[in-house]
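> Next up is a structure, given as structure tokens.
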Amino acid sequence: MTAPAEAVLRPLRESDAERMARLHVAGWRNAAASSLAATTVAEHDGDLVGFVSVGPGRDEDLDLEVELWALYACAAWWGRGLGHRMLTHALAARASYLWVLDGNERATGFYRRQGFVADGTERHEPEGRELRMVRR
């Protein structure tokens, strides 16, 4: 058996959009099949405008059982209360935690308004440094 050819790494191009979407969906389906996350979408006039995913906490050094895995709203919906509604729907008042990219002031401010505070823990991911925020 011959070894597979090496993959070429290059910047994303606009012409990649459709293939990128298919790849993303395939990855999501594979992950969802083995995931315990609960995902809720926000829909308006037939379009998806946001989503929230919550699952079991994955950080062994923390005594919180619930982690906010993802929260996303289309930019047109920022400042309209959608993020708050999705977060409240997914977490209610449960103690939980999340990771946020350092320097994302919009997200950090939003999470502070929802009662989350940085606990001083950070990690380094390919996207950059992430900070952990908790709400008890």
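> Can you tell me which residue in region 34-83 is surrounded by the most Cβ atoms within 10 Å (Cβ to Cβ), limited to those that are of a type in the set (Phe, Trp, Tyr) and touching a strand residue (DSSP E or B) at 6+ places or on another chain (Cβ under 7 Å)?
TRP69
> Additional query: Can you confirm whether region 76-96 contains a residue that is assigned to a strand (DSSP E or B) and touching a residue at least 12 places away in the same chain (Cβ under 8 Å)?
yes
> Let me ask something additional. Among the residues of region 84-113, count how many are over 16 Å from the mean Cα position of the chain (by Cα), under 15 Å from LEU64 (Cβ atoms) and surrounded by 12 or more Cβ atoms within 10 Å (Cβ to Cβ).
Total meeting the criteria: 2.
> Quick one: in region 87-136, which of the residues that are farther than 19 Å from ASP63 by Cβ and touching an Asp or Glu at 6+ places or on another chain (Cβ under 8 Å) is modelled with the lowest pLDDT?
GLY128
> Of all residues in region 126-136 being of a type in the set (D, E, K, R) and surrounded by 10 or more Cβ atoms within 10 Å (Cβ to Cβ), which is farthest from ALA107 (Cα to Cα)?
Taking the candidates together, the pick is ARG136.
> I want to confirm something. Restricting to region 9-30 and keeping residues that are charged (D, E, K, R) and assigned to a helix (DSSP H, G or I), which single residue is modelled with the lowest pLDDT?
Selected residue: ARG29.
The values are calculated or read from the model by the stated rules, or taken from the named source; none is laboratory data. Source: prediction; values computed, not measured. In this analysis, Cβ positions are derived from the backbone assuming ideal geometry, glycine residues included, and neighbour counts consider all displayed protein chains.
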